[in-house]
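Q: Once you've had a glance at the structure underneath, I'll fire off some questions.
Any read-out appearing in this document is the output of simple, stated calculations on the displayed coordinates, not a laboratory observation. Keep in mind that what you see is a predicted model, and the values were worked out from it rather than measured. Here the Cβ is made from the backbone with ideal geometry for all residues, glycine too, and neighbour counts use every protein chain on show.
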Amino acid sequence: MKLSSRSKEYMIPEYSLTGDLLSFLTCNLQYRYQNKGTLPPSMPKQLWFGEFIHGVMEEAFLKWKNENIVFDWNWLNHIRPIEEMIDLRLRARGLYPPLDQFCPYSRKNEDKSKCGDTNHPHKLFASARAEGAINIWGPDLFPLISSTEVLLKGIRDMPNYNKGISRSNYYGINGIIDVLSSLKIDQNLENSNNTILKYLSHNNDFYQRVKSIESEEYEIIIDYKGMKRPALNSNSWKHHSWQILTYAWLRSMQEDSKPIVAGIIFYLNELVPSIEDIISIQKDVLKGETDVEIGKSDCDKIKNWNSDDGDYLFLSNNFKMDRSIRIVNIEDKSISNALNEFDIVVSNIEDSFIKETNGFSIKNSWKAEAEKRTCDACDFRSFCSNEELSLKNMKVP
Ligand SMILES: [Zn+2]
């Protein structure tokens, strides 16, 4: 009997925009270990919070739609039950919360753990941000939502296709839009009471683009990020816009889509920044590596703040909101640029993959290069060549 096997040509490698492409860009080697490793899946703090806040925002929207609870929501009564549900859901997937960011107990007098006392549940950073995201953005965001978790799929030519060597002449690309908003063209943006629409109307590129389209309705792609706003000109800043632009391309191929005018990214850490976040914000402001305007009072506070004093820095709510919302303009030219960039990323992943298949060691096939922050939170640093080098440099001869 002859067993039929599918020819190599028909195996189309499938890439997720965030899970593969952005993850590879963060660190090639970390991506390799996280995705294709034999080690148990690991979850750096930032990734756990990302999963958590996405789940919380989705459930909060459904609760708002079904029960129409008036804002501000009470954390203990309205938000904490959602958090506990999401925590359970993540645990079922093997994802456990970092205990210095999230109190896992629902009742008083349970184990002290890292909480300090047994007066659970505690509102630690993850919860404070969930509360901020719901009460600060929810009242304006939820009414704009037309659908959530929109699945996108597309196919592209394999870059640098090489017959006999490449795995396939195509690759699949997929992603999920957190929130899709559909707006009517005659919506009066300037006089709206909606804060998000006001932010949009103050953006000149957006304004021009809305005026130029002929459709009755248009769409806005919204994405949540469990991180601080990246520095202007940083890699993350660029990568996040590529992500939105690629979503726009994938969405535009779906039958029910309308012209996509803009993307909005919510950087949710900005609402309740950690000390580590504030240190980066301070650096961005002092070096001028930010596009967000700052008032004198916030600017003075940032200039005079010293992380060594151990005090938390309270910035104004307006400044925090300005920093947490980013508008990405969507133009055909920038879409094709983003697609080209991701083609290059796919080509690099494929090269590393082929190298490893051909017998090169993992470390020789996948580059270990990342920002310090990524390395600090990485589970693989003990055997990463990047870290070995830095450890060697630290040793006294
Ligand atoms: Zn606790």
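Q: Please report the Cα spread of the chain along all three principal axes, rounded to whole Å, starting with the longest.
A: Rounded to whole Å, the extents work out to 67, 66, 48 Å.
Q: Let me see the P(r) profile for the range 322-365: every Cα-Cα distance counted, bins of 5 Å, each bin given as a percent of all pairs.
A: Calculated P(r), rounded to whole percents: 5, 19, 14, 12, 12, 11, 9, 10, 6, 1.
Q: From Cα coordinates alone, what are the radius of gyration and Dmax values for the range 43-142 in angstrom?
A: When restricted to Cα atoms, the range 43-142 yields Rg and Dmax of 13.3, 39 Å.
Q: While we're on this one: Rounded to the nearest 500 deg cm²/dmol, what is the calculated helix-only ellipticity per residue at 222 nm for the chain, with -39500 (n - 2.57) per DSSP H run of length n ≥ 4? Present the calculation step by step, with values, prior to reporting the outcome.
A: Details: 16 runs with 170 residues, N = 397.
Helix contribution divided over all residues of the chain: -13000 deg cm²/dmol.
Q: Looking at the range 176-221, I'd like the Rg to Rh ratio, where Rg is from alpha-carbon atoms and Rh is Kirkwood's inverse mean 1/r. Don't skip to the end; give the middle numbers.
A: Details: Rg = 10.7 Å, Rh = 11.2 Å.
Across the range 176-221, the Cα-based Rg/Rh ratio is 0.95.
Q: OK, next. Based on the mean of other beta carbon atoms within 10 Å per residue, what is the order of 20-33, 224-237, most packed first?
A: On the way: 20-33: 21.6, 224-237: 18.5.
So the order, starting with the most tightly packed, is 20-33, 224-237.
Q: Another question about this same structure. Report, to two decimal places, the Cα Rg of the range 258-346 normalised by 2.2 N^0.38 Å (N = number of residues).
A: Numbers: Rg = 16.8 Å, N = 89, 2.2 N^0.38 = 12.1 Å.
That ratio works out to 1.38.
Q: Once you have the Kirkwood Rh of the range 176-342 from its Cα pairs, apply Stokes-Einstein at 25 °C and 0.890 mPa s and quote D in µm²/s. Can you show the working numbers first?
A: Details: Rh = 17.2 Å.
For the chosen part, D equals 143 µm²/s.
Q: List the residues whose amide H sits under 5 Å from the amide H of residue 262, counting only those 5 or more places along or on another chain, with H placed 1.01 Å from N in the peptide plane.
A: Correct list: 221.
Q: Could you please state, rounded to a whole Å, how far the C-alpha centre of the range 282-357 is from the C-alpha centre of the range 179-194?
A: Distance between centres, Cα-based: 26 Å.
Q: May I pose another question? Cβ neighbours within 10 Å, averaged per peptide: list 80-89, 60-69 in order, most packed at the top.
A: Details: 80-89: 17.5, 60-69: 14.1.
Listed from highest to lowest mean packing, they are 80-89, 60-69.
Q: Follow-up question, since we're still on this one. 7 Å from Cα along Cα→Cβ at both residue 114 and residue 157: what's the point-to-point distance in nm?
A: Computed distance between label sites residue 114 and residue 157 equals 4.9 nm.
Q: Once you treat every alpha carbon in the range 153-203 as an equal point and sum by Debye, what is log10 I(q)/I(0) at q = 0.27 Å⁻¹?
A: Log10 of I(q)/I(0), two decimals: -1.02.
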